[in-house]
Amino acid sequence: MNRKAEVNRMIRMRRLRVNEAMRSLVRETSVSKSDLVYPMFVIEGNDIKNPVDSMPGIYQYSIDRMDEELDRVKEAEIPAVLLFGVPAHKDDCGSEAYNDEGVTQQAIRHIKKKMPHLLVIADVCLCEYTSHGHCGLIYGNEILNDETLKLLGKMAVSMAKAGADIIAPSDMMDGRVEYIRNALDENGYINTMLMAYSAKFASGYYSPFRDAAHSAPSFGDRRTYQMDPANRKEAVRECENDIAEGADVIMVKPALAYLDVVREVSDRTDYPIAVYNVSGEYSMVKAAAANGWIDEKRIVMENMTAMKRAGAKIIITYHALDVANWLREGE
Ligand code: PBG
Ligand code: ZN
């Protein structure tokens, strides 16, 4: 044995990186089209395609104009869309949210008829439907918890009846997952999946979304129901609670500033984890890319990889069409 060589042996990590074939052989994380969920905004009315100014490339569509976007979803082979309805009529109890003829319910029926295999996820929350823009019923300046649950239950059943495959409660009221699960089961929707926005933080990253969904609160903020961005342990408890209440998938939202939470939750549970790469995260990338300051494709794919590496299985992202098309080009 050549003793000298043994003594001098260096651990050469760069052997793993000599060329793309070698790098892909040892690559630990991959992003695939089947991980992606594309959020869509459907607005009441006719012949509408409104650009959302703070989210370049994202539009509000009326149902009669949705097909062009749905065709792109099909072409990109994205498995699921997350639907947000923007109703014409709002009131203090968000009654369009649980009107079987509401804009969201009609949009779900439209999509399921046109593309039966596309999974439709219905966001369940009142803020797009209430005149005050809060996610629950209000009494003075207080956001009521238990009274709100009944409406969320009705909303979830109405969405399931319209054909939603997945119900995604995003309101952050306590006990809503169990309440909604029971409501669905009692109405025969035992196979409607529940993807709970479990660790949803009170975040500044949601502001472009509120332009898109017309859901900004008219007074106060959401800090009495959404989580404090400083809390990791509490996020774990939120996830554990939702699992105990019957969630099938748990979610961490936003994604990029909260990847430590994703990692922690994924170390502690075998339940599938979704992350929501939210509007502000999208807008920042788009703005920097429009200025030529970053390489959009490279940055977006790096972000997608980071979310998977942190432990997410499902990625909800406004970049979904681009990501799916880039992945296909690379095939
Ligand atoms: C509604 C809801 C929000 C988002 C998804 N569902 C906004 C909020 O809580 O104010 C944010 C999505 C995004 O920013 O892309 N509760
Ligand atoms: Zn809400």
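The values are calculated or read from the model by the stated rules, or taken from the named source; none is laboratory data. Since we're looking at a predicted model, the values are computed, not measured. Every residue, glycine among them, receives a Cβ derived from its backbone with ideal geometry; neighbour counts consider all protein chains shown. Heavy atoms of the whole protein, side chains included, go into the accessibility calculation; ligands, DNA and RNA do not. Shrake-Rupley method; radii C 1.70, N 1.55, O 1.52, S 1.80 Å.
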**Complete:** Scanning the range 126-136 residue by residue, those without any contact (Cβ under 8 Å) to a residue 60 or more places away in the chain and assigned to a loop (DSSP other than H, G, I, E, B) turn out to be LEU126, TYR129
**Request:** Might you let me know whether the range 128-144 holds any residue that is under 29 Å from ALA287 (Cβ atoms), at pLDDT 95 or above and touching a Phe, Trp or Tyr at 6+ places or on another chain (Cβ under 7 Å)?
**Result:** yes
**Fill in**
Subset of the range 126-166, residues farther than 21 Å from ALA88 by Cα, within 14 Å of ligand 2 (Cβ to nearest atom) and open to solvent by less than 10 Å² (accessible area, probe 1.4 Å), comes to THR148
**Prompt:** Somewhere in the range 288-309, is a residue open to solvent by 10 Å² or more (accessible area, probe 1.4 Å), in contact (Cβ under 8 Å) with a residue 60 or more places away in the chain, farther than 15 Å from VAL37 by Cβ and over 19 Å from the mean Cα position of the chain (by Cα)?
**Reply:** yes
**Asked** Does at least one position in the range 191-200 carry a residue that is within 20 Å of the chain's Cα centre (by Cα), of a type in the set (Val, Ile, Thr), more than 12 Å from ligand 2 (Cβ to nearest atom) and assigned to a loop (DSSP other than H, G, I, E, B)?
**Response** yes
**Item:** Residue under evaluation ALA312, criteria (1) of a type outside the set (Val, Ile, Thr); (2) surrounded by 19 or more Cβ atoms within 10 Å (Cβ to Cβ); (3) in a helix (DSSP H, G or I), criterion not met
**Value:** (3)
**Residues located in the range 231-273, provided they are under 26 Å from MET40 (Cβ atoms), outside any helix (DSSP H, G or I) and either more than 12 Å from ligand 1 (Cβ to nearest atom) or open to solvent by 10 Å² or more (accessible area, probe 1.4 Å) (or both)** = ALA247, ASP248, VAL249, ILE250, VAL252, LYS253, TYR271, PRO272, ILE273
